[in-house]
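Taking it in order: structure first as structure tokens, then the write-up.
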Amino acid sequence: MSKFEAIIFDVDGTLFDSREAFYIMVYEVSKILGWKLPEKEKVIKLIGLPNHEISRKLVSMISSNVNFDYEVKRYEELVAKLWEPYYLPRYVKLYPGVKETLCYLKKEGIKMAVVSNGSKSEIPKYLKSGGIYEFFQVIITADDVNEPKPASEPILKVLRELNVSKEKCLMVGDTLIDGISARRAGVKIALLTWGIENEEEIRKFNPDYVLSKIEGLKELVTDP
């Protein structure tokens, strides 16, 4: 019997490795726009933020002597044309063991949902590209809420839609944004060590669980 009735998953860095995809896109878009190329480590750390916040932080990296809003608009217009049809299907990859783990959780009767700061159009494409769309009863993106993660609103929305108490729900993510959102919603959090955040930062946050591989969820959800 499972400890949890529902598990909520983040997408980028948790189910899918999008780091290289995102950096390649930013690198190539920066060249098109005539920007100086941002440092790879700084770019990758932006993954998990809402899309508009990412674009504003990127523009702040390139120079203080730019027409800020104009450059944000240029970047966002180009990314809107390129990310979903080109970079996402070519470079974003499902992490090993994800599909098998989701199959196990489904057999255990656990409800599953996704909460992402990505957009309403892109997140289903992630899930379909990895062949895991059918595992999730609820998908909540930044477009579905007034305040995305790290606010509690997306997780509370899932709890209502799945009709599950916060005590019986687990959030699985890879960043402190996921952890803060879960704590604010009152649900337990499992943070993964293979995503965007480094392990030292994860352990310092003191989540309920730390996982080094996705298959660890099988043991975690099962009552002794």
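Read-outs throughout are calculated quantities, based only on the coordinates presented, and are distinct from any laboratory measurement. Being a predicted model, the structure only gives us computed values, none of them experimental. Counting neighbours? That spans all protein chains shown, and the Cβs are built from the backbone with ideal geometry, glycine included.
Counting every pair of alpha carbons in segment 19-91, the share spaced more than 22 Å apart comes to 11 percent. The equivalent ellipsoid of segment 1-60 has semi-axes of 31, 11, 8 Å, largest first, where each one is the square root of 5 times an eigenvalue of the Cα gyration tensor.
With each label modelled as a point 7 angstrom along the Cα→C-beta vector, the residue 67-residue 206 pair spans 5.0 nm.
Using C-alpha pairs under 8 Å with a sequence gap of at least 6, the mean separation divided by the residue count of segment 28-146 gives a relative contact order of 25 percent. Among beta bridges from DSSP that stay inside the chain, the antiparallel ones total about 15%. Mean projected area of the Cα convex hull of segment 1-126, taken over all directions, amounts to 8.5 nm². Inverting the pair-averaged 1/r between distinct Cα atoms of the chain gives 17.9 Å as its Kirkwood hydrodynamic radius. Packing-based ranking of 170-180, 34-44 yields 170-180, 34-44, ordered from highest to lowest mean Cβ neighbour count within 10 Å. Our Cα-only numbers for segment 124-224 put the radius of gyration and Dmax at 13.7, 39 Å. With Cα atoms defining each centre, segment 53-93 and segment 160-224 are spaced 29 Å apart in the structure.
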